[in-house]
Amino acid sequence: MTPEHPGEAPRRIRGAPDVVAPTNRINVALPFSKIQTLEPSKELGELAEVVAGLAAILEEVAPGKESKKVHDHARLLAAQLQEG
C-alpha cells in the first residue's frame, strides 16, 4: 500500500492470527500433605450404638417399613464402627 503523505512509511496490513490461545495461566497448589485420615473414635461407635437403640425403640413404637429400614441402617453402621 502506498502512503497518503510523502515521507510517511507505508502502513502494514495485519491479518488475524492463525491460532488464538489464552495467555493467562493459573497454578493451583493442593495441600496433599495436610490430608489426614482418622479412625473412628470409641465415642463415635458408642454414639452409633445409642442411635441404633433409639431406632429399635422407634420400630417398636411405630412399626412399619420405614422404621425397620432406619433400625437396620443404624445397626449396620454401629457394627461397622465397632469393627473399624
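Residue order for SER67, SER33, fewest other beta carbons within 10 angstrom first, comes to SER33, SER67.
Taking other C-beta atoms within 10 angstrom as a stand-in for reagent exposure, ARG11, ARG25, ARG75 fall in the order ARG25, ARG11, ARG75, fewest first. Rounded to the nearest 10 degrees, what's the angle between the helix 65-83 long axis and the longest principal axis of the chain, both from Cα atoms, 0 to 90? Once rounded, the angle reads 80 degrees. Helix 42-61 and the longest principal axis of the Cα set of the chain meet at an angle near 60°. In plain terms, the residue of ASP72, ASP18 with the fewest other Cβ atoms within 10 Å comes first and the most crowded comes last, giving ASP18, ASP72. Over the stretch 39-83, Cα pairs under 8 Å with separation of 6+ residues give a relative contact order of 53 percent. For the stretch 39-83, the spread of Cα coordinates along the three principal axes comes to 34, 13, 10 Å, biggest extent given first.
Of the listed values (1) 35.2, 103; (2) 13.0, 41; (3) 13.5, 45, identify the label whose number matches Rg and Dmax of the Cα atoms in Å calculated from this model. So the calculated entry is the one marked (1).
We did not get these values from a lab; they are worked out from the coordinates using the rules stated. All values derive from a computational prediction rather than experimental measurement. No Cβ is skipped: glycine too gets one built from the backbone with ideal geometry, and neighbour counts run over all protein chains shown.
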